[in-house]
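Below: the structure, in C-alpha cells.
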Amino acid sequence: MKGWFGRYLYIDLSDKSFRYTEIPGDVLRNFIGGRGLAIKLLWDLNPVGVDPLSPENHLILATGPLTGFPLPSSGKMVIASKSPLTGGYGDGNIGTRAAVELRRLGVDAIAIKGMASKPLILKIDCGKVEFMDGRDYWGLTTKDAEDRLKKELGEDIGVLTIGPGGENLVRYATVISESGRSAGRPGMGAVMGSKNLKAVVVKGCTEPEVAHRDELTKLGAEAYRKIRESAGYGFWIRQGTMATIEWSQKNSCLPTHNFSEGVFEYWEGIDGYIMESMKIRVKGCPNCNMPCGNVVKYVTSTDSGEAELDYENVAMLGSNIGLAPLNKVAHINLLADLYGIDTISLGSVLGYSMELSEKGLLEERIEWGDFSKIKELTRQIAYREGIGNLLAEGVAAMARKIGGDAWKYAIHVKGLEVSAYDCHAAPGMALAYATSPIGAHHKDAWFIATEVRMGRFDYTLEKVERIIWLQNIRGGMFESLTTCRLPWVEVGLDLDYYPRFLTVATGYTYTWDTIHEAANRIYTLIRAFWIREYEAAGVRWTYEHDLPPVKWFVQPLTRGPLKGSKLDMDGYMGMLKHYYKLRGWDDNGIPTRFTLDRLGLGYVAPVLERLGIALS
Ligand code: PTT
Ligand code: SF4
C-alpha cells in the first residue's frame with residue numbers, strides 16, 4: 001500500500017492494552033483519511049447511543065494520505081469523537097508537529113477508548129506505547145504541561161494536551177498544541193478529560209511509501225513556489241486571518257453583541273492593523289510556507305503576555321461581547337488557550353449571558369465589555385465554579401436550564417455555537433452553518449465571501465449548489481487529506497493540484513468525480529451518525545435540526561448599511577429542501593436507501609431501521 005499504512009493503533013486506557021488493526025484498502029480509498037477515516041471508525045467502533053463522556057466513547061486521532069509529505073501546509077490532523085456538546089459527530093483540525101510525528105508512527109490513525117484509573121499521559125515513541133503517570137501534570141495549563149513534557153522528553157516530540165477546561169469537562173473544551181493551535185470545538189478536550197488522559201505525546205521514525213516520489217517532490221516544489229509568488233502573499237503574511245475583521249465590518253457580518261448586529265463601533269481597535277502594531281513574531285504549522293500564527297505582545301492595566309490571534313477568536317471575544325481594544329481581547333484569548341477552551345463557544349456563552357442579563361433573564365449582572373468580569377467568568381467556566389458551571393454547558397443547555405424566553409437568544413445549531421459571521425443578511429451562510437456536519441462552524445462552507453459577490457438577499461438554488469460544492473471540497477477533501485485549505489482559500493493555489501497530489505502519493509487515480517463521491521459518502525455517513533445517536537437518545541430526527549438561530553429571522557439589524565435586514569423563513573426552507581434533494585436525503589434530511597446504496601453505505605440502513613426510522 002502506498003500513501004497510507006493500512007492500519008490503526010487501538011488503545012484501551014482502562015486496561016492499558018493496545019493492538020494494531022488492519023484497515024482494508026477500499027476503506028482508505030473510499031474515505032481517504034482524516035475526517036473520512038474518523039467517521040468510519042466511529043460508526044464501526046462506538047456502541048449506538050454511547051454517552052460521549054463515558055469510557056466506551058472513542059477518541060480518534062487521524063492523519064491523511066498527504067500528511068507530512070513535502071506538500072504545502074501538510075502538517076495537519078483531525079481529532080474526532082462523539083461530541084459531549086452536541087451529542088452528534090464532532091471533530092477539529094489542528095496544525096502541529098504531532099500530526100507529522102503521528103504519521104511517522106506507521107499508522108493512519110489512533111483510536112482511544114476506556115478511562116485510566118488515574119491521570120495519564122499516553123506516550124507513543126517509534127510505535128512503542130507507554131502509559132505514563134500523569135498525576136503531576138493534572139491541573140497544569142496547556143502551556144505548562146507541554147513545556148514540562150518537552151523538558152522531560154525532549155523538544156523533538158509532538159504534544160496534544162488538555163488544560164483545566166478539558167479536565168473539568170467543559171463541554172467545549174479543546175485539545176491544544178504548541179500554545180496556540182486548538183482543535184475540536186465540539187468538546188474533544190472534554191472527551192480526553194473524561195478518559196483521564198492529560199496528553200498524547202508522539203514521536204515517529206518511519207515514513208509511508210509514496211507511489212511516485214519524484215513527481216510528488218516536483219509537484220510540491222512547484223506549488224510552494226506558486227504560493228510564494230502569489231499576489232496576496234505579502235498581505236497574508238502581514239495579517240493572516242485578522243484581515244477579516246475589517247472585511248466583516250464593511251460587509252455587516254461582524255458578530256456584535258451576541259449576533260444582534262453585524263457592525264461594531266470599536267472595530268478599528270481590534271482589527272488587523274492594530275494586530276500588526278503589536279505583533280512580535282509569526283508561527284506556522286509544519287510544512288507551511290505561508291505561516292499565519294500571529295503572536296502579539298500585549299499589556300493591560302492588570303495583565304501582560306503573548307497571545308496568538310486569529311479572526312474567529314478576536315471577533316467572538318471582541319465585538320460579540322463588546323470588548324475592545326485588542327490588548328484586552330488578546331488576554332482573554334490567551335486564557336482560553338491556557339485553560340484549553342474554545343474561543344468561539346466562549347465568546348458565544350459570554351455574549352449570551354450578557355444579553356440574558358440585560359433582558360433580566362439571568363440574575364447575575366454581566367455588562368457588555370466588562371473586562372474584569374469576563375476574565376473572572378472565563379476562569380469560573382474552566383473550573384466550573386459558581387455560574388461558570390452553567391456557562392460550561394454551552395448555550396443550548398443554558399437555554400434549556402434557564403427556560404422561559406431564553407432559547408430565543410441562544411446562537412447555535414445542533415448545540416454548537418455559531419462561529420464568527422452574522423447571518424441576518426446571509427441566507428446562504430446561514431444554510432452553510434445549519435448543514436455543517438459538526439454543528440454551526442464555518443470550516444465546511446465559508447460561503448459568506450461568495451454570498452457577498454452573489455447578492456445578500458437572494459434565496460437561490462444556485463447558492464445551494466455552490467454550498468454543497470464548497471462543503472465537499474473543504475469539509476470532504478481538505479479534512480480528509482489532511483492538509484490546510486488556506487493555500488487555496490487565501491492565496492489562490494490552484495485547486496487542481498490536490499487530485500494530482502493524491503494520485504502521486506497513493507498511486508490511485510483520483511479525479512474530481514471520485515473526490516466528490518468520497519465527500520458525499522463522508523457527509524452522508526456523518527449525517528447517519530447524527531441520526532443514529534439522536535434516535536438512540538429518544539430525539540426524533542427532523543429538518544428542525546437544520547435551522548439557523550431564530551434571532552436572525554425575527555430580530556432585524558438595527559445598525560449599519562444593512563439596517564432592517566433579517567432572514568425569511570420561506571426562502572430559507574426552499575433552499576434547505578433543495579439542499580436535501582441534491583444530497584439524496586429525504587424531506588427531513590435523512591439519507592434515502594438509494595443514496596446509501598449508491599455510496600456503498602448499505603450497512604447503515606438496517607441500523608437506522610432498527611431504531612424505528614422508515615427510510616424512503
Ligand atoms: C477551528 C476554530 C478556529 S477556525 C479558530 S480561529 W480560524 C479558533 N481558534 C482557537 C484558538 O486559537 N484557541 C482556542 N482556545 N480556541 C480556538 N477555537 C477556534 O477554533 C487554525 C487555522 C485556522 S484559524 C483556520 S480558520 C483554518 N482552519 C482549517 C480547518 O478547519 N481545516 C483545514 N484543513 N485547514 C484549516 N486551516 C486553518 O487553520 P477546529 P489550528 Mg483549529 C488559538 O480546530 O476545532 O477545527 O476549530 O487548527 O492548527 O489552530 O489552525 O480564523
Ligand atoms: Fe497553519 Fe496558517 Fe499555514 Fe494553514 S496557513 S498551515 S493554519 S500556519
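Data for the structure
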read-out	value
Cβ-Cβ FRET estimate between ASP513 and ARG593, R0 fixed at 22 Å, reported to 0.05	0.45
Length released on extending from ALA221 to VAL550, taking residue separation times 0.36 nm less the Cα-Cα span	113.6 nm
D (Stokes-Einstein, µm²/s), Kirkwood Cα radius, the stretch 415-546, 0.890 mPa s at 25 °C	154
LYS16-SER230 pseudo-label distance in nm [points 7 Å out on the Cα-to-Cβ vector]	4.8
Exposure proxy ranking, count of Cβ atoms within 10 Å, fewest first, for ILE402, ILE344, ILE473	ILE402, ILE473, ILE344
Residue-span extension gain [ASP44 to THR542] - 0.36 nm each, minus C-alpha spacing	176.9 nm
Nearest-0.05 FRET efficiency for LYS566 and ASN389, computed from C-beta distance (R0 41 Å)	0.75
Distance in nm between pseudo-label sites at SER304 and ARG238 (7 Å out along the Cβ direction from Cα)	2.8
Three-way shape label, the stretch 174-283, alpha-carbon gyration tensor, a/c 1.5	oblate
10 Å Cβ shell holding at most 16 others, DSSP loop, GluC sites (Glu not before Pro): longest site-free stretch of the chain	386-616
Extension gain, ASP26 back to ASN289 (0.36 nm per residue minus Cα-Cα distance, nm)	91.4 nm
Mean projected area (nm²) of the alpha-carbon convex hull when the stretch 162-213 is viewed from all directions	5.3
Sparsely packed chymotrypsin sites (Phe, Trp or Tyr not before Pro) within the stretch 514-616, loop by DSSP, other Cβ within 10 Å at most 14	TYR603
Gyration tensor verdict on the stretch 75-213 (Cα atoms; rounded if a/c is under 1.5, prolate if a/b is larger than b/c, oblate otherwise)	oblate
Pairwise label distance in nanometres, ILE280 with LYS128, each label 7 Å out on the Cα-Cβ vector	3.7
Scattering profile of the chain at q = 0.07, 0.10 Å⁻¹ [log10 I(q)/I(0), Debye over alpha-carbon scatterers]	-0.38, -0.82
Approximate shape of the stretch 86-166 as ellipsoid semi-axes (Cα gyration tensor, √5λ), whole Å, largest first	19, 18, 14
Nearby lysines by direct alpha-carbon distance to LYS373 (threshold 26 angstrom, same-chain neighbours under 8 apart not counted)	LYS143, LYS297, LYS328, LYS359, LYS401, LYS408, LYS551
Ratio Rg/Rh, restricted to the stretch 550-616 and using Cα atoms, in which Rh is the Kirkwood radius	1.24
Cα shape, the stretch 283-335, gyration tensor, a/c 1.5 rule	oblate
Zone of LYS150's modelled label, taken as backbone nitrogen in the stretch 61-97 under 18 Å from a point 7 Å along Cα→Cβ	75-76, 94-97
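Read the figures in this text as sums done on the coordinates, not as results from a lab. Since the structure is predicted, the reported quantities are computational estimates derived from the model, not experimental observations. All Cβ positions, glycine included, derive from the backbone under ideal geometry; neighbour counts span all protein chains shown.
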